[in-house]
1. Please state which of the following conditions ARG237 fails to meet, knowing it meets all the rest: (1) in contact with a Phe, Trp or Tyr (Cβ under 9 Å, 6 or more places away or on another chain); (2) surrounded by 11 or more Cβ atoms within 10 Å (Cβ to Cβ); (3) not in a helix (DSSP H, G or I).
2. Among the listed residues ARG228, ARG202, ARG247, which satisfies the condition of being over 60 Å from the mean Cα position of the chain (by Cα), at pLDDT below 85 and either of a type outside the set (A, V, I, L, M, F, W, C) or more than 25 Å from GLU294 (Cβ to Cβ) (or both)?
3. Any residue in the range 212-220 that is modelled with pLDDT of 85 or more and surrounded by fewer than 14 Cβ atoms within 10 Å (Cβ to Cβ)?
4. Which residues, taken from the range 224-248, are within 23 Å of ASP287 (Cα to Cα) and in contact with a Pro (Cβ under 9 Å, 6 or more places away or on another chain)?
5. Can you name the number of the only condition in (1) touching a residue at least 12 places away in the same chain (Cβ under 8 Å); (2) within 17 Å of LEU221 (Cα to Cα) that ASP269 fails?
6. Report yes if GLU68 is within 30 Å of VAL25 (Cβ to Cβ) and modelled with pLDDT of 90 or more, otherwise no.
7. How many residues does the range 26-58 contain that are at pLDDT below 65, touching a helix residue (DSSP H, G or I) at 6+ places or on another chain (Cβ under 6 Å) and of a type in the set (Val, Ile, Thr)?
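The values are calculated or read from the model by the stated rules, or taken from the named source; none is laboratory data. Owing to the predicted nature of the structure, the values given are computational and were not obtained by experimental measurement. Note: ideal-geometry Cβ built from the backbone for every residue, glycine included; neighbour counts use all protein chains shown.
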Amino acid sequence: MVARGDRGDMFKEFLKNPRALVYAVLVHVTLLLILVMSLKWNTKPAPLQGSGEIVKAVVIDEAKLQEEKQRKLHEEQRKRDAEEAKRRAAEQQRQAEVQKQRAAEQRQRDAQLAAEKKKRLIAEQKRQAKIKADKEAKERQRIAEQKRRAEVEAKRKAAEAKRQAEEAKRKAEAQRKAEEARRQRENLEMMQQQMAQEEQQRAAAARQRQLMALQSQYVALIQQKVNRNWIRPPNVRAGMSCTVHVRLIPGGEVVEATTIKSSGDAAFDRSAETAVLRASPLPPPPDAALFQREFNFLFKPEG
């Protein structure tokens, strides 16, 4: 016996191949008929070779049936294709007629549009011509008005120029007189300034000579006081000197005494610095203009 799973697989295979299923059914029906006939007439079963011929005839008839069926199907398909081709030709002819009609309508519309465009163009040309004529007329009128105004303006400018010339002449005369008076005033002021400057220069020169004389006296007073406070160190040679930078505060108090140009002898330089510090406060200047907060002092005790 065939298992249930195997029968299911065979059924699936038959469903995949319907022709095999038909052949199998025909074979089984044929065998069943032979069996029934054999039982009914109690005759011997037909030879196996005869059964094979019947099955073969059935299979051949089925093949012819399938072939006829396929032929009919092809014939029907050919008719349908012919009808479809006829329908497509009719549709193409209809589409061509529609396109022809549309083209005719489009040509008619284009002609109408061209006519309307030409009409609008002619109207626009007339309008532009009228605008141009009006513009030219206005331009001629403007030029005439401009010419008239130019003549009026020229006359006005000529009168104004004449008036301005007379006014300029009067102003020039007045300016000349004013300039002459100004030059006279400037000459007088210049002479006065020159005299004042000369006086100031003379006074300044006299003041300078006075300050120079007082400066010499002031330096001599400082030199004398420093010399009085100087303690001569041993081995000092004749003619030795050094320059000491001195810094004062108001009142003449010495706050700094530093040698800036040495004599070559450190002991002599220190004695000069000490003498300046011991001479503090230095004598007041004979004139306040001679007072200096810082100055360089040449210390030369024998000079």
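1. Checking ARG237 against (1) in contact with a Phe, Trp or Tyr (Cβ under 9 Å, 6 or more places away or on another chain); (2) surrounded by 11 or more Cβ atoms within 10 Å (Cβ to Cβ); (3) not in a helix (DSSP H, G or I), the one that fails is (2).
2. Numbers: ARG228 fails: at pLDDT below 85; ARG247 fails: at pLDDT below 85.
Among ARG228, ARG202, ARG247, only ARG202 is over 60 Å from the mean Cα position of the chain (by Cα), at pLDDT below 85 and either of a type outside the set (A, V, I, L, M, F, W, C) or more than 25 Å from GLU294 (Cβ to Cβ) (or both).
3. Of all residues in the range 212-220, those modelled with pLDDT of 85 or more come to 214-220.
Those left that are additionally surrounded by fewer than 14 Cβ atoms within 10 Å (Cβ to Cβ): 216, 220.
Yes, the conditions are met somewhere in the range 212-220.
4. GLN224, LYS225, VAL226, ASN227, LEU248, listed by residue number.
5. Exception for ASP269: condition (2).
6. Numbers: within 30 Å of VAL25 (Cβ to Cβ): yes; modelled with pLDDT of 90 or more: yes.
Yes.
7. Matching residues across the range 26-58 total 3.
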